[in-house]
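Novice: Below you'll find the structure I mean.
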Amino acid sequence: MGIIALLMVVVAPAFTSIKSGNDIMASTYTIKGVLEQARIYARANNTYTWVGFYEEDGSKASTNPPTPGSGRVVISIVASKDGTTIYKSGAPGAIDPARLLQVGKLTKLDNAHLPLLNVGAGTGDAFDTRPLPDWDAFNAFNDARFGELNATPPNTAPNTNSQFPFPYPVGNPVPATQYTFQKTLQFNPIGECRINSTYDVRRVVEIGLVQTHASSTPVPASGSGTSAVVFNGNVTALQISGFGSSVKIYRR
């Protein structure tokens with residue numbers, strides 16, 4: 001019995017680590033499923049869909065209005081009822097919720113945070129060599145990523161809020177708003193992915209995930225508070241291509 005007890009002490013941390021890894025992978029696959037659901041719905045119904053990302057304080061129950069923070073990722077899919085973009089290019093403003101319908105249920109991922117991970121080398125197919133998100137001279141990689149949603153530029157991504165945010169819930173008559181999604185991804189009727197509801201198609205868009213304990217995020221190995229955070233522990237990077245909208249997961 002003493003030997004068995006000693007073995008349990010040694011083995012228990014390994015089981016804890018496995019559970020943690022499974023949790024973050026489950027969250028990553030859930031996001032993958034949400035993105036694929038939005039793309040398929042847009043193509044099947046010849047319409048536009050939007051995926052909104054929000055992060056709230058995971059140490060508290062969801063509130064109305066929500067409490068911004070870390071530890072609980074909230075995701076919503078909405079679709080245009082009439083097959084148009086609803087908004088007009090060059091005329092920023094919230095998308096009319098009366099002209100939207102909810103696609104699926106609101107998704108909430110506890111014990112998950114969207115960090116701005118140090119980008120890959122772009123030379124291979126492993127986590128540290130994964131493809132680079134699109135880069136531009138003004139916003140570096142951050143207009144092709146989602147991360148640190150409640151931070152301020154330049155250490156939030158996308159760097160600016162969407163010109164065309166949408167609320168939750170939606171419908172007609174318009175219900176009281178609980179969430180407003182300012183960081184969004186749009187799919188058009190042919191399945192193209194456009195970040196933050198603009199007309200910019202990015203070759204690669206990245207979403208990073210790291211495990212939290214309620215609202216407590218792991219201590220980074222380097223890059224804390226920047227747009228290039230490195231974690232020694234279990235992290236994932238989900239990438240979606242702009243034109244084909246294929247989704248791939250990279251795991252350290």
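Novice: So what's the back-of-envelope 222 nm ellipticity for the chain, counting only DSSP H runs of four-plus at -39500 (n - 2.57) apiece and dividing by all residues, rounded to 500?
Specialist: Values: 1 runs with 43 residues, N = 252.
After summing the helix terms and dividing by residue count, I get -6500 deg cm²/dmol.
Novice: Which is farthest toward the positive dipole end of the chain among G69, S197, A144, measuring Cα position about the Cα centre, with Cβ charges +1 (Lys, Arg) and -1 (Asp, Glu)?
Specialist: S197
Novice: Relative to the longest principal axis of the chain, what angle (0 to 90°, nearest 10) does the C-alpha long axis of helix 2-44 take?
Specialist: 10
Novice: Considering only Cα-Cα distances, which of the following residue pairs are longer than 28 Å: K60/K81; K105/K248; K60/K183; K105/K183; K32/K81? If you can, show how the numbers build up before the last one.
Specialist: On the way: K60/K81 34 Å; K105/K248 23 Å; K60/K183 22 Å; K105/K183 18 Å; K32/K81 24 Å.
In this structure, K60/K81 exceed 28 Å between Cα atoms.
Novice: Give the residue from P158, Q102, Q182 lying farthest towards the positive end of the charge dipole for the range 83-205; charges sit on Cβ (+1 for Lys and Arg, -1 for Asp and Glu) and the dipole is referred to the Cα centre.
Specialist: Q102
Novice: Another question, if that's okay. Subtracting the Cα-Cα distance from 0.36 nm times the residue separation, let me have the gained length for V219 to D136 in nm, one decimal. Let's see the in-between values first.
Specialist: Values: separation 83, 0.36 × 83 = 29.88 nm, distance 2.90 nm.
This chain segment gains 27.0 nm when fully extended.
Novice: Kindly identify the range 145-206 as rounded, prolate or oblate by the Cα gyration tensor criterion: order the square roots of the eigenvalues as a ≥ b ≥ c, call it rounded if a/c is under 1.5, otherwise compare a/b with b/c, prolate if a/b is larger, else oblate. Write down the numbers at each step before the final one.
Specialist: Working: a/c = 2.83, a/b = 1.25, b/c = 2.27.
Note, shape of the range 145-206 comes out oblate.
Novice: Could you give the size of the charge dipole of the chain about its Cα centre, using +1 on the Cβ of each K and R and -1 on the Cβ of each D and E, expressed in debye and rounded to the nearest 20? If you can, show how the numbers build up before the last one.
Specialist: Details: 20 positive and 17 negative charges, 85 e Å.
Dipole size: approximately 420 debye.
Novice: If each residue's Cβ is checked for other Cβ atoms within 10 Å, how do S222, S70, S197 rank with the fewest at the top? If you can, show how the numbers build up before the last one.
Specialist: Values: S222 11, S70 23, S197 27.
Taking fewest neighbouring Cβ atoms as first place, the list is S222, S70, S197.
Novice: For the range 111-231, just say rounded, prolate or oblate: build the C-alpha gyration tensor, square-root its eigenvalues into a ≥ b ≥ c, call rounded for a/c under 1.5, and beyond that prolate if a/b exceeds b/c, oblate if not. Kindly include the intermediate steps, with their values, before the conclusion.
Specialist: On the way: a/c = 2.04, a/b = 1.33, b/c = 1.54.
Note, shape of the range 111-231 comes out oblate.
Novice: Using a 7 Å offset from Cα along Cα-Cβ at T152, what residues in the range 170-185 end up with backbone N under 20 Å from the label point?
Specialist: Output list for this probe position: 182-183.
Novice: Residue by residue, what Karplus-based ³J(HN,Hα) values in Hz, rounded to whole numbers, does the range 236-242 have, using 6.51, -1.76 and 1.60 with θ = phi - 60° and x for Gly and Pro?
Specialist: 10, 10, 9, 10, 10, 7, x
Novice: How do D110, D57, D143 rank when sorted from fewest to most other Cβ atoms within 10 Å of their own Cβ?
Specialist: On the way: D110 12, D57 18, D143 21.
Going from sparsest to densest Cβ surroundings: D110, D57, D143.
Novice: State log₁₀ I(q)/I(0) for the range 59-180 at q = 0.18, 0.22 Å⁻¹ as given by the Debye formula over alpha-carbon point scatterers of equal weight, solvent excluded.
Specialist: Normalising to I(0) and taking log10 leaves -1.14, -1.30.
Novice: Here's a follow-up. Counting other C-beta atoms within 10 Å, which of E36, E206 has the fewest, and how do the rest follow?
Specialist: Values: E36 15, E206 25.
Starting with the residue having the fewest Cβ neighbours, the order is E36, E206.
Novice: Now, a different point. In nm, give the distance between the simple-model label positions of A176 and T123, each being 7 Å from the Cα along the Cα-to-Cβ direction.
Specialist: In this crude spin-label approximation the distance works out to 5.6 nm.
Novice: Still on this structure: If I model a spin label at K248 and T160 as a point 7 Å from the Cα along the Cα→Cβ vector, what separation in nanometres do I get?
Specialist: 3.1
Just so you know, all these numbers are worked out from the coordinates, no wet-lab data involved. What you are looking at is a predicted structure, and each value in this text was computed from that prediction instead of being measured. Here the Cβ is made from the backbone with ideal geometry for all residues, glycine too, and neighbour counts use every protein chain on show.
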